[in-house]
Amino acid sequence: MSLPAFKLVRPRSLDEALEALLRYGPEAQIVAGGTDLIPSMKQRLFEPRVLLDVKGLGELNYIRFNPEAGLELGALATITEISESALIAREFPVLHQAAASIASPLLRNLGTLGGNLCLDTRCLYYNQSAFWRESLGGCLKKDGHICHVAPGGNFCWAAYSGDCAPALLALEATVQLAGPRGNREIPLAEFYVNDGMVRLRKAQDEILIGVRVPARNAGFEGIYQKLRIRKSIDYPLAGVAAVMRKDSGGICREARIALTAVNPAPRLLPKAEALIGKEFSAGLVDEIAHEAIRTAKPLTTSASSPEYRRRMIRIFVRRALEDLWLGRRPRDGGAKKDLLSN
Ligand SMILES: Cc1cc2nc3c(=O)[nH]c(=O)nc-3n(C[C@H](O)[C@H](O)[C@H](O)COP(=O)(O)OP(=O)(O)OC[C@H]3O[C@@H](n4cnc5c(N)ncnc54)[C@H](O)[C@@H]3O)c2cc1C
């Protein structure tokens, strides 16, 4: 599992980084913390001739809040910095919980927000060594022509398996991209493509530079629930981020729910709008939880069964809404006993 040969380029400014991306074209790949890309390179999933190491661009490492711009996060803010920010824990608890659940302390120290949002999609038949994959003749996403998850189809079901994206979707975040044609800002929901191979609406020569959460979403109550095999380190097998604002009478005034790890892209649940203007009702919560499993399409892309992941999505949505609406302390998601106790 050695690394393929590559040339390492370390730009000293964003302009230099953009210039290098233009110069080396598709032969270059951005690396930030490297916690996802480097293992993937060892598996020969990527063999870029040039690695563009952006970690030295201090201008992209910030966490700040002001009442006009809202919460601004630089692409190079590390997951540890986000999970340990008192401001984020207080004003954007759903993002705090999602970031704190990522991988392990060492990986959170290295891993960045930009890398987390741009994560490659994952699949049981793809995230394997070259030798393993070769025995099956590759797959649609890499070196082959068939999808082992849904044979006969020509769609890639590899799942986006990051934790920050659903939290940021629920908070209506936008992403800022810099490229040779200038900067642009788009809703995070539009950044993702629900196709395991296409993944992102980002040109090869663009760099994700930052994320913005509107100030009006500060103070939303929020909960992140996550299913994974080993609670100390693993990627999500299913994740639910939910935020809600209630009035003093307990009427839901705003709510959003987003799912991760159960589709090729993180997805907002359109049906969450049905909660607005309502007081708590177990029937409505069940209805929304049922609707969530119509949006979630987990297939055999991971070691856990699709049925189990769908069931956990339903349980997580129900729990999150009950806890947010009734003001209960969030219950901890993520262990197999969760299913057994329901
Ligand atoms: C054992 C293990 C467990 C993990 N568990 C989790 C988990 O629970 N939850 C989770 O969300 N992640 C998990 N990860 C993945 C990873 O550690 C984190 O998602 C991390 O935040 C990725 O950030 P990075 O800076 O290391 O990304 P990198 O590995 O540097 O990059 C990842 C991808 O993003 C691209 N990229 C990076 N920065 C930019 C940018 N600014 N602009 C454009 N493209 C960019 C790279 O080209 C690459 O394709 C895990 C990884 C490992 C190895």
*asked:* Can you report the number of residues in region 201-238 which are of a type in the set (A, V, I, L, M) and within 26 Å of residue 255 (Cα to Cα)?
replied: 8
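Quick check on residue 165: is it near the ligand (Cβ under 10 Å from one of its atoms) and of a type in the set (A, V, I, L, M, F, W, C)?
So residue 165 fits the description; yes.
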*For the subset of region 11-36 comprising residues that are among the hydroxyl-bearing types (Ser, Thr, Tyr) and surrounded by 15 or more Cβ atoms within 10 Å (Cβ to Cβ), which member is nearest to the ligand (Cβ to nearest atom)?*
35
*asked:* Quick test for you: out of 210, 219, 153, 162, pick the one residue that is over 28 Å from residue 78 (Cβ atoms) and not polar (S, T, N, Q).
replied: 153
*Say whether the condition of being in a strand (DSSP E or B), without any contact (Cβ under 8 Å) to a residue 60 or more places away in the chain, closer than 20 Å to residue 297 by Cβ and away from the ligand (no atom under 15 Å from the Cβ) is met by at least one residue in region 127-147.*
yes
*residue 236 versus (1) within 14 Å of the ligand (Cβ to nearest atom); (2) over 22 Å from residue 92 (Cβ atoms): which is the lone unmet condition?*
(2)
_Let me confirm something: among 163, 143, which residue is closer than 27 Å to residue 45 by Cα, among the charged types (D, E, K, R) and open to solvent by 10 Å² or more (accessible area, probe 1.4 Å)?_
143
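Here's the yes/no breakdown for (1) small (Gly, Ala, Ser); (2) open to solvent by less than 30 Å² (accessible area, probe 1.4 Å); (3) at pLDDT below 95; (4) in contact with a strand residue (DSSP E or B) (Cβ under 9 Å, 6 or more places away or on another chain):
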{"position": "209", "(1), (2), (3), (4)": "no, yes, no, yes"}
{"position": "215", "(1), (2), (3), (4)": "yes, yes, no, yes"}
{"position": "229", "(1), (2), (3), (4)": "no, no, yes, no"}
{"position": "232", "(1), (2), (3), (4)": "yes, no, yes, no"}
{"position": "261", "(1), (2), (3), (4)": "yes, yes, no, yes"}
{"position": "265", "(1), (2), (3), (4)": "yes, yes, no, yes"}
{"position": "283", "(1), (2), (3), (4)": "yes, no, no, no"}
*Only one of 179, 239, 222, 196 is out of contact with any helix residue (DSSP H, G or I) (no Cβ under 9 Å at 6 or more places or on another chain) and open to solvent by less than 20 Å² (accessible area, probe 1.4 Å); which?*
196
*Kindly check whether there is at least one residue in region 99-120 that is more than 10 Å from the ligand (Cβ to nearest atom) and either open to solvent by less than 10 Å² (accessible area, probe 1.4 Å) or part of a loop (DSSP other than H, G, I, E, B) (or both).*
no
*Could you say whether any residue in region 29-50 is assigned to a helix (DSSP H, G or I) and over 21 Å from the mean Cα position of the chain (by Cα)?*
yes
*Spot the failing condition for residue 177; the list is (1) assigned by TED's automatic domain parsing to the domain that holds residue 66; (2) over 16 Å from the mean Cα position of the chain (by Cα); (3) within 24 Å of residue 306 (Cα to Cα), and only one is missed.*
(3)
*Would you mention how many residues in region 300-332 are within 26 Å of residue 232 (Cβ to Cβ) and not in a helix (DSSP H, G or I)?*
11
*Give me a count of the residues in region 72-95 that are touching a Lys or Arg at 6+ places or on another chain (Cβ under 6 Å) and either of a type in the set (Asp, Glu) or open to solvent by less than 20 Å² (accessible area, probe 1.4 Å) (or both).*
2
*Does region 51-58 contain at least one residue that is surrounded by fewer than 17 Cβ atoms within 10 Å (Cβ to Cβ), in contact with a Ser or Thr (Cβ under 9 Å, 6 or more places away or on another chain) and at pLDDT 95 or above?*
no
*Could you name every one of the strands (runs of 3 or more DSSP E) located completely within region 170-239 that has at least 1 residues being in contact with an Asp or Glu (Cβ under 7 Å, 6 or more places away or on another chain) and small (Gly, Ala, Ser)?*
174-179, 207-213
*Only one residue in 4, 67, 39 is more than 14 Å from the ligand (Cβ to nearest atom) and open to solvent by 30 Å² or more (accessible area, probe 1.4 Å), so which one is that?*
67
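The values are calculated or read from the model by the stated rules, or taken from the named source; none is laboratory data. The structure presented is a predicted model; accordingly, all values stated were derived computationally and were not measured. For neighbour counting, all protein chains shown are included, and Cβ atoms are generated from backbone atoms with ideal geometry for every residue, glycine included. Heavy atoms of the whole protein, side chains included, go into the accessibility calculation; ligands, DNA and RNA do not. Shrake-Rupley method; radii C 1.70, N 1.55, O 1.52, S 1.80 Å.
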